[in-house]
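The values are calculated or read from the model by the stated rules, or taken from the named source; none is laboratory data. From a predicted model like this one, the values you see are computed outputs, not experimental measurements. Cβ: placed from backbone, ideal geometry, glycine included. Neighbour counts: every protein chain shown. SASA here: full protein model, heavy atoms, side chains in, ligands and nucleic acids out. Shrake-Rupley method; radii C 1.70, N 1.55, O 1.52, S 1.80 Å.
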Amino acid sequence: MALLDIRKAGDPVLKEVCQPVEKIDKKLKQLLDDMADTMYESDGVGIAAPQVGVPIRAVVIDCQDEHGLVELINPVITFREGKATDTEGCLSVPDIFGEVERAAKVKVDYLNRRGKQQHLTAKGLLARCIQHECDHLEGQLFIDIAQSIHRGQDK
Ligand code: CO
């Protein structure tokens, strides 16, 4: 297990448009493992590679639902439906929360760690997480698009 340093808002790596993963090798698998360890240790539900200083298109998510740990390599959201507004936070923006409108349902195409093309349809928290993490790959933080921002969990 290895914990990685989480980059905080203001770090330029969080503003980068991330590069596609070209090769799924041992190094990438180690990074995914370390990202998951870091996410669980920080009580997060998702983390994107740029948040640990690596500007490539890879994210891990675990919303504690039936999907468990989801690793998305080169994710592309191919379908969005409906609207939902809810509170979000981010490991890179500690103690700040905001109300963010997202699609209620999404479909995402991605590669798994065996390089196999996968498709996932998600709603609820997982759909929100996928959109939040994919935004990280475009250099966008939730505070850039939130309708309102507040300190602490309470509105
Ligand atoms: Co985030």
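Within segment 60-81, the residues that satisfy the criterion of being in a loop (DSSP other than H, G, I, E, B), more than 14 Å from the ligand (Cβ to nearest atom) and touching a residue at least 40 places away in the same chain (Cβ under 8 Å) are D65, H67.
The set of residues in segment 30-55 that are in contact with a Leu (Cβ under 8 Å, 6 or more places away or on another chain), under 16 Å from V17 (Cα atoms) and of a type outside the set (G, A, S) comprises I47, P50, Q51, V52, V54.
Taking into account only those residues within segment 116-125 that are open to solvent by 40 Å² or more (accessible area, probe 1.4 Å) and not basic (K, R), which is nearest to V21 (Cα to Cα)?
Ranking the candidates gives Q117 first.
Of everything in segment 14-33 that is buried (at least 17 other Cβ atoms within 10 Å of the Cβ) and in a helix (DSSP H, G or I), the residue that is farthest from the ligand (Cβ to nearest atom) is L28. Residues in segment 34-59 that are under 15 Å from L125 (Cβ atoms) and open to solvent by 20 Å² or more (accessible area, probe 1.4 Å) were compared, and the one that is nearest to the ligand (Cβ to nearest atom) is V45.
Take the conditions (1) touching a residue at least 60 places away in the same chain (Cβ under 8 Å); (2) under 20 Å from A48 (Cβ atoms); (3) out of contact with any Leu (no Cβ under 8 Å at 6 or more places or on another chain); L141 misses just one of them, which is (3). Could we say that R113 is on the phi < 0 side of the Ramachandran plot, more than 15 Å from the chain's Cα centre (by Cα), away from the ligand (no atom under 14 Å from the Cβ) and in a strand (DSSP E or B) here? So R113 does not fit the description; no.
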